[in-house]
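A short write-up of the structure that comes next.
Only the coordinates and a few stated rules stand behind these numbers; no lab work does. Remember, predicted model here, so these are calculated numbers, not experimental data. Cβ: placed from backbone, ideal geometry, glycine included. Neighbour counts: every protein chain shown.
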Amino acid sequence: MAPQEIAVYPDLTCTQNVAFFGAVYGLSRGESLARAQACLDAVGLRDRADSLVSELSGGMRRRLQLATALVHEPPFLILDEPTVGLDLEIRQQVWDLINGLRREGRSILLTTHHLEEAERLGTRIGIIDSGRIAVEGSMDALRRHVDAELLAVVESEDPDAVCRRAEELGITFRRRADTTVLWLTEDMPIRSVVDTLGDVQLTSVRLKPVGLEEVFAEVLGRAEGVVAPRD
């Protein structure tokens, strides 16, 4: 298990920390040291193996904590907010590591506030609201909670005009600064939508699949700026 709060020993080196947890899990000294090196390599800390934890950045400490959770090669792993405080590059490395563990056949329970992280890593996703699971399932199953086949991300110099036209047409939308996201149904091809916005000055229009953010908004009913389609 890797808890959200970092729990490693600041006065020990990275190798000593991981080897210590290996010993706690019943590994011999030799096994603990060998596994420590392998785990530090896996989380990108090989060059800091002999560094004291007190010398590490917050992101490095979080990766070290993940290494301590992997040292005994558990078949089931609990990760609580494993990428909090990590920059984008290191976060991607941790995602790659987690995906690798999953491909090895390990079961992983991961909690996160990052919807993108849940969508990219989860084979089965649960959305929790007020301590209860509001909905859960595969990403394909969760998408069925959203009455849209596709999303059109519209950028315009006059986003208010885009929103007004979408409301007139009965198109569900969400306003994000100068961007408006239109929820397109199967009978609503993008060309016809663009044509109906013809007199509105558009900067760009791009399509994207329905994501976990839209599922979250639909299921919990917290989507500010969303207008339901008219009958």
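Listed values, structure above:
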| read-out | value |
| --- | --- |
| Failed condition for LYS208, given (1) within 29 Å of LEU97 (Cα to Cα); (2) surrounded by fewer than 19 Cβ atoms within 10 Å (Cβ to Cβ); (3) touching a helix residue (DSSP H, G or I) at 6+ places or on another chain (Cβ under 9 Å); (4) not small (Gly, Ala, Ser) | (3) |
| Number of the condition not met by VAL84 [criteria: (1) surrounded by 13 or more Cβ atoms within 10 Å (Cβ to Cβ); (2) under 19 Å from the mean Cα position of the chain (by Cα); (3) assigned to a helix (DSSP H, G or I)] | (3) |
| Considering residues of segment 41-51 that are under 23 Å from the mean Cα position of the chain (by Cα) and on the phi < 0 side of the Ramachandran plot only, the residue surrounded by the fewest Cβ atoms within 10 Å (Cβ to Cβ) | ALA42 |
| LEU66 vs. criteria touching a strand residue (DSSP E or B) at 6+ places or on another chain (Cβ under 7 Å), more than 30 Å from HIS113 (Cβ to Cβ) and surrounded by 15 or more Cβ atoms within 10 Å (Cβ to Cβ) | no |
| Residues being assigned to a helix (DSSP H, G or I) and either touching a residue at least 12 places away in the same chain (Cβ under 8 Å) or in contact with a strand residue (DSSP E or B) (Cβ under 9 Å, 6 or more places away or on another chain) (or both) - total across segment 17-51 | 15 |
| Sole exception among (1) under 25 Å from the mean Cα position of the chain (by Cα); (2) assigned to a helix (DSSP H, G or I) for SER54, by number | (1) |
| Residues being free of Cβ contacts under 8 Å to residues at least 60 places away in the same chain, surrounded by 10 or more Cβ atoms within 10 Å (Cβ to Cβ) and closer than 16 Å to ALA217 by Cα - total across segment 104-136 | 4 |
| Considering residues of segment 137-179 that are of a type in the set (S, T, N, Q) and outside any strand (DSSP E or B) only, the residue surrounded by the fewest Cβ atoms within 10 Å (Cβ to Cβ) | SER138 |
| Lone unmet requirement of (1) within 26 Å of LYS208 (Cβ to Cβ); (2) of a type outside the set (Asp, Glu); (3) within 20 Å of the chain's Cα centre (by Cα) for ARG106 | (1) |
| Every residue from segment 180-189 that is surrounded by fewer than 18 Cβ atoms within 10 Å (Cβ to Cβ) and closer than 28 Å to GLU117 by Cα | THR185, GLU186 |
